[in-house]
Structures are given as C-alpha cells and as structure tokens.
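Taking it in order: structure first as structure tokens, then the write-up.
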Amino acid sequence: MKTLRDLDYSVLQQCIHCGLCLPTCPTYVETKEERNSPRGRIALMRAIADAELEVTKAFGEEMYYCLGCLACTTACPAGVNYAELFETARADVEKAGVLASPKRDFVRWAALRVLFTRPRLLRFVGRALRLWQSSGLQTLAREAGLINLLPDNLRRLEPQTPAIRARFSHQLIRPVEKPAAPRHRVLVLTGCVQDLAFSDVNRATVDVLLANGCEVHTPPVQPCCGSLHAHNGDTDTARLLARRQLDLVNPADFDAIISNAGGCGSHLRAYGHLLHDDPAYAARAAEWSKKLRDIHEYLVEIGFRKPASTAAASTVTYHESCHLCHGQKVSAQPREILRSLPGVELRECAEAQWCCGSAGIYNFTQPDTSAWLQHRKIGHLAATGAQVVATANPGCHLQIQGGLANSGHASTEVVHPIVLLARAYAAEKTPA
Amino acid sequence: MDSLIASLTARLGAARVLTAREDILPYGFDGTATLKQLPACVVFPRDAADVSTVLKLAREHRAPVVTRGSGTGLSGGSVPLPGAIVLCLAKMDRILEVDSANLTLRAEAGAITQKIYDAADAVGLFYPPDPGSMKISTIGGNVAENSGGLRGLKYGVTRDYVIGMEVVLADGTICWLGNKCVKDVAGYNLRDLFIGSEGTLGVVTQVLLKLLPKPAARQTLLASFTTMDAAAETVSAIIAAKIIPCTLEFLDQKTLRCVDDFAKVGLPRDAAAILLVETDGHPAAVADEAAKIGELCRAHGATSVRLAATDAEAAQLATARRSAFSALARLRPTTILEDVTVPRSELASMIRAVEIIAQKHALTIATFGHFGDGNLHPTILTDERDAAEMHRVELALAEIFEETLKRGGTITGEHGVGLAKKPFLKRQLGDASYELLRLVKKSLDPEALLNPGKIFD
Ligand SMILES: Cc1cc2nc3c(=O)[nH]c(=O)nc-3n(C[C@H](O)[C@H](O)[C@H](O)COP(=O)(O)OP(=O)(O)OC[C@H]3O[C@@H](n4cnc5c(N)ncnc54)[C@H](O)[C@@H]3O)c2cc1C
Ligand code: SF4
Ligand code: SF4
C-alpha cells in the first residue's frame, strides 16, 4: 500500500498553489484558513512527503475535516489528482494511528471490517432495523423521549436513519431480465445502502434499462464496492473487496457495468487504478473501469428513448451528488434525463454542485460542518420553490430528506432521477 | 518570539493567532513557483485597529510583517520571511457599501474581487478589473499589485478604479486617503503611492472603488491562426485601426490545448495561436466593432472566426482563458510564469525572441497574455528538481528580460517585482529612480518592518 512518502512525487508537485480551488472548497469557505483548503491540505501532504512534517494528530484531524467532496478537482485547471492524495493521506493517518481511540477503533472495525464486508450480515441488520421501524418501536422510543439518551451526534442523526424497505433488491429483481429484443447486455450493481433503503431505485434502474433494449444481469448477492473503505483510509479492505467483485463479475461479458449511486460509482470507476499493481487482477480491473458507467451517463450514451407520458409533471430541482459531478464528471446527463420528462420544469438551484454535508459518514464525524452545509443546501433548494428534489446518491437523499423535514418542507419529495424516468415509462402503459 | 506571540494572543485572542506547524505551513508560499519560507505565526485581524495593534507589537519586537490576501500573487509578494508575522486579511471580507448615486463601492481589503464584481453587477453597475484569479484574489491584493486583467485594454487596471483607501502605516497610524469626489487635488496624490506598493509601505484595510454603468451589450470572438506571428500582427492591426476592444487575449497552441483539456470549450486545437476578443458597449457599436474585428482577423490570415452564440458561451470562454496559467501545469511539474510587457508594436518580434530563447536553451515555453496591453506571459514548463534544467531556466529568464528592455518594455506588467524579479529591477529603472524608491520606503517605513526585502533590498 502506498504512503505519501513513496507516492509518485509528481502527483504532489502537480499542485502549483494557484488557489483557484479555494472558493469551491466548503471547509475553506467556512473557516477562511489555508489549512482547511485543498491547497493547504496538499501542502501538508507534501511536507510529509518531504519529511518536513510527521503524520501528526492535527494532520489526521485535518484529513477527516476534509469532506472528500472533490469539488477541488473540478475547479483545478492543473488536473491535480486530489482523490488519490486524499485516500493515501487518510491511509497514512490510519497507519500512524494518530487518531486512535478505543471507541473510534471499535466503530471503524465494526463498520469497515465487519458490516460493510458481509452483504448478508448487512441485510440481516437491515431487517432488524426495518422491524424496529415498522413495529412502532421507533415511534414509541421517540415519543417516550428515549432517543434523548443517545449521544449528541447520534441523536441529531436518528431521524435521518434510512427507512428500510420491506423488500431488498434481490427480492425485486431477477438475476437476469430480458427485453423483447435485447440490443445491449449490462450488469447492474445494487450497492449497500441503496439495496436496503432504496431498493426501489435499483428496480427502477433495471426497468429503464429494459425499456431501452438492455438485457440486465443483477447478481442477487453482491460484495460492497469498497468506497467507504477507500475513503476512510482502509485501502487493504478496499482492494480485497474490489477483487471479490472481480471474482464475481467478468467485465468482458458485458457492454457496460451500471452503477446508480454517485458515491459508489466514483470508486468503482477507479478499480483499474486501485489494482494496477496486482498482476492477477490488473487486466480485469482495467477492463472493469473501462466498462463502468453511471446510469444517467449510459442512458444518454445509448440514446435513451424519451418518454411520452406526462406522469412525472412537476417542478424539479436537481442536487448533484459530489461523487457524481466531481468524482465522475457526470453533470449534464441527469439534467438531460430530467428535461426529457414531458411536463417537468427543471429549476436550477444555486450551488447545485456543493456538498450537502452527508459526505459518507461525515455527518457522523463532523456534525457541525455537516449541519451547516445541510442548512445551506436546503436554503438553496427551497428557494427554487420546486416540488421535487432529484438527486442520485443515497447519502445525499437521506441528508436532504432529513434537512427538508426539519425545516418545514416535509412535503417536498426527494427522488432519484431514474425513478422519475421509470415512472414516466410505466405510465405510458397505463391508459389515463 | 514567544513574548511576541504571547502579546499577539493576548490582544487578538488565541483563535486569531496561528502558530502550530500544521496551521502555518500552508502560509509558507503564494502562487509563485519554487519559493517557500515558514513564518513565525499567522494573524487574522478584524479591522484597522487590530492591524494597528499588530504593527505596533511587531515594531516593539522588531518582527517583519508580511501582509497577505489570498496568496495568489505571482512574484512572491506574500511569501514570508524568517520570523515574520503573516498578517492575513482574508477574514476582513465584507462589502460595506454600494453607492448607486455616486457609483462607488466600499469594501474591506480582504473582500474577494469576484464578490465585488457581483455586488456591483447586482445593481446594474460594473467593476471592470478582472485578473485571472478574480474568483479568489482579494481587492487588497489587487491594489497592492495594481493588478490588471482581461479587460485592461479598454478599462485600464486596478489603479484606475481606486478613489480612496484606508491604510495603516508602519507605526500603526490609521489614515484615509481619498474620497467619493470625482476630482480632488488637495495635497499629493498619496493613494497612488500605495497602489502597487506590494505591502512594503502600509497595510490597506479598506478600499473605495469607482464603478461604471454596465455595458448594454457584449460580443465575444474567437479567431484561429496558423502562425503566432499572424495573430500578433492582427493585434497591432486592430489597435492601429483605432478599435479598442475590451479584451484582446492571445493563446499559443500549447496553452490553448491545456486550457481545452481542462475547460472543454471546443477550442481549435490545431491552431498555432488564437485570439479571444471581446467588445462591449452600445449594441449598435458592438455589432459594428465585432464585424470590423472579424474582417481584420481574416485579412491577417485568420482561418476561422467564431462568434460566441450566447452570453453563457462568452462567459465560458473568458473563464477558460482565466485558467490558462494553472492549466499549463498539466504539462510539466514546475510552471514558471513571466509577465513582461512591451509597446504593442513590438509584440510580434518579442514572441519570436521568446521562441528563439526557448530553442537555444532547450526549454519548453508556452506563451499567452493580454496582448491588447502588450503584456505577455511566457511560461517556462520545467521541473524544479532538475538542477541542470533549472540553470538553463535562469539563463533564459535573464535573456527574456534583456530582450524586453531592449524593446522599451518592462519586466513586469501586472504581477509585481516581489522576490522573483528583484534582481532585474535596477537594470530597468536606472540608478536615480531606483534610489528614489528607497527614499520613499525609508520615509514611510524607516525600520523596514513591512515586507522587507521585497521589490529591492
Ligand atoms: C491563476 C492566476 C491568474 C492570475 N491572473 C492575473 C491577472 O490576470 N492579472 C494580474 O494582474 N494578476 C494576476 N494574477 C496574480 C495575482 O492574483 C494578483 O497579483 C492578485 O492581485 C493577488 O491578490 P491576493 O489577494 O492573492 O494577494 P497576495 O498574493 O496575498 O498578495 C500580493 C501582494 O500584495 C500584498 N498585499 C496583499 N494584501 C494587501 C493589503 N491589504 N495591503 C497591503 N498589501 C497587501 C502582499 O504583501 C503581496 O506583496 C494571477 C494569479 C493566478 C494564480
Ligand atoms: S489544487 Fe489545483 S486549483 Fe488548487 S491550488 Fe493546487 S493547482 Fe491550484
Ligand atoms: S475534497 Fe472538498 S472539502 Fe476536501 S479539499 Fe477538496 S473541496 Fe475541500
């Protein structure tokens, strides 16, 4: 595993400290201090590579104050690969153990090493959560004030716990589904949180692909993609999970591998780089990266059919998931899909490309900055007056839904653009 | 040192004084290649009174003060000195007043240039100076460097818009220079002394700016050429035809390809050079000028002239151009940008000179710039870790300056002298005016507290 010291130095040198990324970096805008900016963080990383600085606790904290939103990579004309720097830096921080504490170690172990490496266990936990939610226990606990017993940052997030679906993806999607005359052969990745809380998005993804002549393969049990691990300094597990994924799927069998969650897609695309030094997997990983597509991107690429029905008619605003727009540079395609919906008026909101504060597990680790970003985001979304907020990442979905509910906008629907498209296709068949 | 930091902390509060290594390391450089130096501490004043406090303490402790805005400077102006206090004004960023009756705007020195433009724009007014860094540069930094921008040809530079300022002198005195009057000859024009003074004479804490009515129409043209000479000659022809477009920017092939790799705005990648031209004003005048400029471009060998179809496209092209310097960093690890300026009739011959110098020293040099202003940015793409190549870079730089001065030019048109161009200043100014600079510095900052060692020793 690479560290900052043995990373290719030119990746660090790529930053010419011009500062053009600063105004797009949420943490710099919050504090106006260089250390909290991309340029400052890269300077600290370079100082470590140059042996001018050790991996200290303050450095570790800084790397976890960074949202990993990658807005800086969109702003940077020099093409700095901040994603790689950031993941390497966090891995260094974990290796040095400068942030270690028994509680943090336990949570990390439970999440990264246990829960998010075992899809069946994750589904089991999902079931338990669903039971808690649907049995009325959750409501009871809320009413009895039991929630107040939770530690502060958990209590704030409790209302944002995803509402677990009654049925997960494998119960909604058959392993292979074929349209009448297949023109493409694709594989759909169902994700972790998406699978538990948004299995409807996965179903919709399959539906729209079918409607556009794709034969769709959806393995019922899929390993976690490893994005959570890579972003949190656990590169070893990330590599392990990528290998598992490649053991399960041979990319050569498909025209495209489809992801519908911004955060996962951004990492999935990077398998080629992640395993480039693994002789057994490098070629397959490179092929995988070549085939990987975000669902919106792929639909536009194959010239998706514009729906005829006005079922989705409403005013819609679009919030861009960071890892979709900055991580994958997919920004125009979701809009193209939304605009294709008859009767839908797309209203642009200010700062559509700004992080909503969800940022993986950031809302748990940095509650104040997360809440500030959530508030800022809701303000811009509400200002459009749109009835629907479309967004294509489960973390954003929950964060925005939570924020809307807390600010008297509970009636605003939050929905994945693909669900809107699927609805419009479905309505074509049901005569009005 | 410890007692200085203790006093600063006592007076400003701990949150406004940074000393931890992780906090101050990122203030060890600005936008200039290869220069860095760790300061003793970084302080964030709230207002002129805080600045005055800091300067007085600095004087007591004989600590140099390096004023800083956003650190985008390209001559090392805000690179610290050993033991220095970095006085960072980035948190003093309020826009205090937009006066539509008098067409003025007053802001704290840390206000971002783009925010000033936006605030004026919101009420139908216009703040023209638009350095490539405007999204993050501070107005204080713009004043201290007398920054230019893409609109310099028609609208001039920062100096042309500063009608007043609040400045804190080296001894901590706070004074106001200027007012909202259109004319004023009461006393020396001291404002001008501080404009372009690179933080060596005083600390600007507030700026009063003149605004213009927003032009009613704008049109952007993009002309492609098969030789750099043809593009440079077109610039001279446009000026000679008595047309003053608002923007007249030149990009050579290396630059335009890098810019397009980043911004993906469909620049003609095979062109040897392009000109990006904007005219603004009354709609009829704009249409007329655009047509004439198009004809002149074609007459001088332009292979294509594209008109921006929408305002959005025009804005995209300008934004793409603003990224030129940073985008060039895609090619080599180290990007050394120069800022020489020549009388406009000398542009074509100056470009040729740069090409010859690049060949002679086996270096890659990309050139772009505000050609309407005669301002070139020959940018040397190199690697600071290659000592042999860096030696050739030094030789090439000296020759570029020599060729510039030979043509009656200046070693810096807008980025300032700072540290980077210090060795060449005397050669340009000559002894008498060089000494005059020192005389001014001595009378305003006798103890050499403010950014000592910048501009000259
Ligand atoms: C990508 C890019 C594009 C650029 N394009 C242009 C361009 O088109 N035209 C142009 O002219 N420049 C350009 N520059 C250079 C630079 O942005 C300008 O010089 C700018 O004005 C610096 O502003 P700043 O706030 O970053 O100042 P800093 O870099 O922090 O400081 C610059 C100098 O001003 C002094 N200073 C700063 N604030 C104050 C104050 N309040 N009082 C007294 N002294 C002060 C500092 O001590 C220093 O000497 C560009 C730079 C970059 C990185
Ligand atoms: S990351 Fe890119 S935009 Fe930011 S300072 Fe470095 S080179 Fe400039
Ligand atoms: S990833 Fe986001 S928070 Fe981190 S440095 Fe880049 S812009 Fe800032």
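Throughout, read-outs are computed from the coordinates displayed, never taken from laboratory work. This is a predicted model, so every value here is computed, not measured. Every residue, glycine as well, gets a Cβ built from its backbone with ideal geometry; the counts of neighbours run over all protein chains shown.
What angle, in degrees between 0 and 90 and rounded to the nearest 10, separates the Cα long axis of helix B:311-322 from the longest principal axis of the Cα atoms of chain B? Rounded to the nearest ten degrees, it is 60. Taking square-rooted eigenvalues a ≥ b ≥ c of the alpha carbon gyration tensor, is the protein assembly as shown rounded, prolate or oblate, where a/c under 1.5 means rounded and, failing that, a/b exceeding b/c means prolate? Prolate, because a/c is 1.5 or more and a/b exceeds b/c. Between amide H atoms placed 1.01 Å from N, distances below 5 Å from A:Thr315 occur with A:Glu345, A:Gln387, A:Val388, all of them 5 or more places distant or on a separate chain. Note on the protein assembly as shown: antiparallel DSSP beta bridges, both residues inside, total approximately 70 percent of the bridges counted. Helix B:431-444 and the longest principal axis of the Cα set of chain B meet at an angle near 40°. Loop-resident chymotrypsin sites (Phe, Trp or Tyr not before Pro) (DSSP state other than H, G, I, E or B) in the stretch B:160-243 with no more than 13 further Cβ atoms inside 10 Å of their Cβ: B:Tyr188. Taking A:His319, A:His273, A:His397 in turn, the Gaussian network model of chain A (Cα-Cα springs below 10 Å) assigns the largest fluctuation to A:His273. Based on C-alpha pairs under 8 angstrom that are at least 6 apart in sequence, chain A has a relative contact order of 14 percent.
Using the Cα centre of the stretch A:1-134 as origin and beta-carbon charges of +1 (Lys, Arg) and -1 (Asp, Glu), tell me which of A:Thr117, A:Ala43, A:Cys18 is placed farthest towards the positive end of the dipole. After comparing all options, I get A:Thr117. Between B:Thr34 and B:Asp311, the contour length at 0.36 nm per residue exceeds the Cα-Cα span by 95.9 nm. Under the classification rounded if a/c is under 1.5, otherwise prolate if a/b is larger than b/c and oblate if not, where does the stretch B:217-325 fall, given a ≥ b ≥ c as square roots of the Cα gyration tensor eigenvalues? It comes out oblate by the Cα gyration axes.
Derived scalar couplings between HN and Hα for the stretch A:341-352 equal 7, x, x, 8, 9, 8, 10, 5, 9, 5, 6, 4 Hz in order, rounded to whole Hz, by the Karplus curve 6.51 cos²θ - 1.76 cosθ + 1.60 (θ = phi - 60°), x for Gly and Pro. In this structure, the amide hydrogen of B:Asp99, modeled 1.01 Å from its nitrogen in the peptide plane, lies closer than 5 angstrom to those of B:Thr104, B:Leu105, B:Arg106, counting only residues at least 5 positions away or on a different chain. Charge tally around A:Leu341: other residues with Cβ under 13 Å, Lys/Arg +1 each, Asp/Glu -1 each, net +2.
Using the Cβ-Cβ distance between B:Thr303 and B:His282 with R0 set to 30 Å, the FRET efficiency from 1/(1 + (r/R0)^6) comes to roughly 0.50. Phi-derived couplings, Karplus 6.51 cos²θ - 1.76 cosθ + 1.60 at θ = phi - 60°, listed residue by residue for the stretch A:244-255: 4, 4, 6, 5, 7, 10, 9, x, 5, 6, 10, 6 Hz, with x used for Gly and Pro.
Each of B:His391 and B:Thr319 was given a label point 7 Å from its Cα along the Cα-to-Cβ line. The distance between the two points is 4.6 nm. The helix-only estimate of mean residue ellipticity at 222 nm for chain B, built from DSSP H runs of length n ≥ 4 each weighted as -39500 (n - 2.57), is -11000 deg cm²/dmol after division by the residue total. Round to the nearest 10 and give me the degree value, 0 to 90, for the angle of helix B:253-263's Cα axis relative to the longest principal axis of chain B. Its long axis makes an angle of about 70 degrees.
Note on chain A: Cα Rg divided by 2.2 N^0.38 Å, N the number of residues, gives 0.96.
The phi-based Karplus calculation (6.51 cos²θ - 1.76 cosθ + 1.60; θ = phi - 60°) puts the 3J(HN,Hα) values of the stretch A:73-86 at 6, 6, 6, 7, x, 7, x, 5, 8, 5, 4, 5, 4, 5 Hz, whole numbers, x for Gly and Pro. For B:Leu419, nonlocal amide neighbours, meaning residues 5 or more places apart or on other chains whose placed amide H falls under 5 Å from its own, are B:Gly76, B:Gly77, B:Ile455. If you take the Cα centroid of the stretch B:398-418 and the Cα centroid of the stretch B:160-218, the two points sit 26 Å apart. Taking the Cα centre of the stretch B:151-306 as reference, the dipole from Cβ charges on Lys and Arg (+1) and Asp and Glu (-1) amounts to some 380 debye.
Would you mind getting me the FRET efficiency between A:Asp8 and B:Asp184? Use the beta-carbon distance for r and R0 = 41 Å, nearest 0.05. Once rounded, the FRET efficiency stands at 0.10. Pick out, from B:Tyr188, B:Met228, B:Ala241, the residue whose Cα sits farthest towards the positive end of the charge dipole of chain B, with +1 on the Cβ of Lys and Arg and -1 on the Cβ of Asp and Glu. Of B:Tyr188, B:Met228, B:Ala241, it is B:Tyr188. With the simple model of a label 7 Å out from the Cα in the direction of the Cβ, A:Ala308 to B:Ala216 spans 4.9 nm.
Spin-label model, B:Ser100 to A:Phe124: label points 7 Å out along the Cα-to-beta-carbon direction sit 6.7 nm apart. Of A:Ile164, A:Ile16, A:Ile361, the residue with the greatest mean-square motion in the GNM of chain A, using alpha carbon springs below 10 Å, is A:Ile16. Can you compute the equivalent ellipsoid semi-axes for chain B, i.e. the square root of 5 times each eigenvalue of the Cα gyration tensor, sorted largest first and rounded to whole Å? Semi-axes from the Cα gyration tensor: 37, 27, 20 Å.
Shielding of peptide A:28-35 by partners, expressed as the average count of other chain Cβ atoms within 10 Å per residue Cβ, is 6. Across peptide A:37-49, the average count of Cβ atoms from other chains found within 10 Å of a residue's Cβ is 3. Cβ-Cβ distance of B:Ala241 and B:Ser349, R₀ of 25 Å, FRET efficiency by 1/(1 + (r/R0)^6): the value works out to about 0.80.
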